[in-house]
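The values are calculated or read from the model by the stated rules, or taken from the named source; none is laboratory data. All values derive from a computational prediction rather than experimental measurement. Positions of Cβ are generated from backbone atoms using ideal geometry, with glycine treated the same way; all protein chains shown enter the neighbour counts.
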């Protein structure tokens with residue numbers, strides 16, 4: 001904890017007690033000449049979902065300035081991928097948003113398929129949709145659990161969420177071989193077909209999931225403490241959300257109808273009937289509720305996909321693993337990942353490794369509005385607001 | 001009324017608590033070291049090298065082509081090709097890895113080495129209890145530690161192993177048939193060309209139809225003591241030679 005001078009620099013100690021001359025617009029100081037306090041929340045703070053630091057300036061309990069500081073988990077993902085073959089970058093995409101490795105795989109595969117003009121067989125498209133929607137389920141269920149954990153509901157909702165996630169991870173394990181680092185999609189399809197009985201097992205999980213969702217909502221959605229902590233907290237306006245290019249559930253919670261599954265219709269999503277839930281207030285409660293509603297829609301997609309999945313090959317026979325050299329060109333593949341628009345931008349110069357490889361991470365871009373959401377709220381609310389934005393530091397820092 | 005939501009929530013926790021005693025769906029965890037969940041067939045941990053038969057030194061499928069070394073994303077494989085060759089399952093002479101190291105502290109279990117291997121020589125193991133106090137040496141696995149028999153592969157991945165075994169058996173049958181046909185053709189041609197040198201052609205035919213998997217004579221003999229030992233036997237499997245007292249130090 002440090003005292004600050006007017007420029008926001010650290011004061012020279014010695015009990016120099018100065019205050020900010022100018023507060024950001026819309027923020028009123030409630031202290032009567034009280035001193036401002038700069039607190040560094042993180043990078044080891046348990047509420048920050050990883051190694052993330054918030055440089056918070058407080059007036060009493062009120063946040064008057066907040067600077068997100070990240071990069072503690074920087075792993076040079078893009079540069080590694082530019083120096084490795086196209087295939088070798090695939091397992092690294094698992095490690096971006098390590099909750100949703102399958103959607104990361106899909107986004108990268110989509111970009112490379114656009115670049116190389118590969119066709120994905122029917123069955124592989126269905127498997128992709130099934131795994132992506134299962135990923136969405138387990139991401140959202142964990143998010144809701146972590147959000148409650150951030151609010152002080154220690155354990156119970158999170159463990160209920162993890163219990164359901166466990167069943168989905170078991171499905172991933174038996175399909176792809178790993179629970180989190182799946183590395184399942186390949187350019188032009190999927191690596192393996194579903195093992196015998198897998199689709200029935202998936203159907204069982206999907207059929208039992210609504211019971212859990214109902215219980216979870218009974219537990220939380222009407223809970224007065226939770227409502228008091230989240231309603232009206234961290235309101236994101238529509239204009240700000242759009243101008244800051246926020247995507248995903250955070251954007252839809254402010255009522256902007258933008259879902260890439262509908263807008264882009266990538267893969268075979270146009271074939272499925274589902275609705276895009278929209279929020280109204282853009283506060284933390286809406287962001288929570290959007291996730292619950294999205295899970296119900298995901299279940300609808302899963303039921304249709306599991307009903308309609310055809311037999312057939314799972315990979316384009318023209319696709320080759322080794323010596324993959326797409327023609328010179330560029331491509332941008334984007335999908336609706338559970339956290340928002342996940343895009344991969346690739347430039348090929350005709351060699352075995354991409355000339356440029358760029359990730360558009362939804363977590364990082366959604367995080368840019370954090371200060372606007374937190375200003376004027378209490379310190380304790382910054383934790384829930386951060387939790388409701390749903391970041392994973394593996395993706396923010398890359 | 002204020003508090004109804006909380007009471008409803010408490011009822012839910014109560015239902016889950018009591019339900020966890022009866023409903024498998026509400027309690028998915030097991031007491032790990034004593035109880036174990038059966039492993040899924042597709043589950044993968046770290047790679048191992050498959051060898052046919054009992055002796056890893058003879059049956060190793062790897063031909064040291066170094067494709068996996070090149071394709072490995074974190075570059076955790078190190079291979080040195082042998083100077084001499086040994087016959088593979090089709091009887092073709094092939095190189096074998098003199099050194100094959102995998103640093104499993106670097107390996108990220110992505111399975112790309114398995115996918116790119118054209119010889120079905122490297123596969124994913126399911127052994128996950130690998131903690132060791134030796135951080136560097138204990139996690140750098142050499143050829144002898146990596147080699148596992150095909151029976152192990154058949155046990156952990158039955159579906160995949162069955163498919164590969166049939167394919168290899170087919171290849172082998174075809175190769176044998178071809179070798180036989182070649183030998184017969186050769187023998188016929190030789191017989192037609194020179195009927196007088198019948199003895200020589202028989203030996204040629206025998207040579208060509210030599211049973212697959214047979215090893216050529218060892219090219220390098222390090223010393224008189226190991227001349228009796230199995231050629232190429234691993235360090236741990238050098239048998240004591242009882243007929244030659246004093247030969248083993």
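Structure notes:
- For the range A:51-61, filtering for residues that are touching a residue at least 60 places away in the same chain (Cβ under 8 Å), surrounded by fewer than 20 Cβ atoms within 10 Å (Cβ to Cβ) and either in a strand (DSSP E or B) or out of contact with any strand residue (DSSP E or B) (no Cβ under 9 Å at 6 or more places or on another chain) (or both) leaves 1.
- Taking the listed residues A:173, A:215, the one that is part of a helix (DSSP H, G or I), at pLDDT below 90 and within 12 Å of chain B (Cβ to nearest Cβ) is A:215, with no other qualifying.
- Here residue A:187 fits the description: touching a helix residue (DSSP H, G or I) at 6+ places or on another chain (Cβ under 8 Å) and over 18 Å from residue A:137 (Cα atoms).
- When restricted to residues that are within 14 Å of chain B (Cβ to nearest Cβ) and over 24 Å from residue A:376 (Cα atoms), the range A:219-278 contains 5.
- Residue tally, condition buried (at least 18 other Cβ atoms within 10 Å of the Cβ), out of contact with any helix residue (DSSP H, G or I) (no Cβ under 7 Å at 6 or more places or on another chain) and free of Cβ contacts under 8 Å to residues at least 40 places away in the same chain, over the range B:96-118: 1
- Residue B:153 being surrounded by 16 or more Cβ atoms within 10 Å (Cβ to Cβ), within 13 Å of the chain's Cα centre (by Cα) and without any contact (Cβ under 8 Å) to a residue 40 or more places away in the chain: no
- Wholly within the range B:1-81, helices (runs of 4 or more DSSP H) carrying at least 3 residues that are within 11 Å of chain A (Cβ to nearest Cβ) and under 30 Å from residue A:82 (Cα atoms): B:67-71
- Residue under evaluation residue B:73, criteria (1) at pLDDT 85 or above; (2) in contact with a strand residue (DSSP E or B) (Cβ under 8 Å, 6 or more places away or on another chain), criterion not met: (2)
- Only residues that are assigned to a helix (DSSP H, G or I), surrounded by fewer than 23 Cβ atoms within 10 Å (Cβ to Cβ) and either in contact with a helix residue (DSSP H, G or I) (Cβ under 8 Å, 6 or more places away or on another chain) or within 14 Å of chain B (Cβ to nearest Cβ) (or both) were counted in the range A:62-86, giving 4.
- Test: residue in the range A:105-124 that is within 14 Å of chain B (Cβ to nearest Cβ), under 24 Å from residue A:323 (Cα atoms) and either part of a strand (DSSP E or B) or modelled with pLDDT of 85 or more (or both): yes
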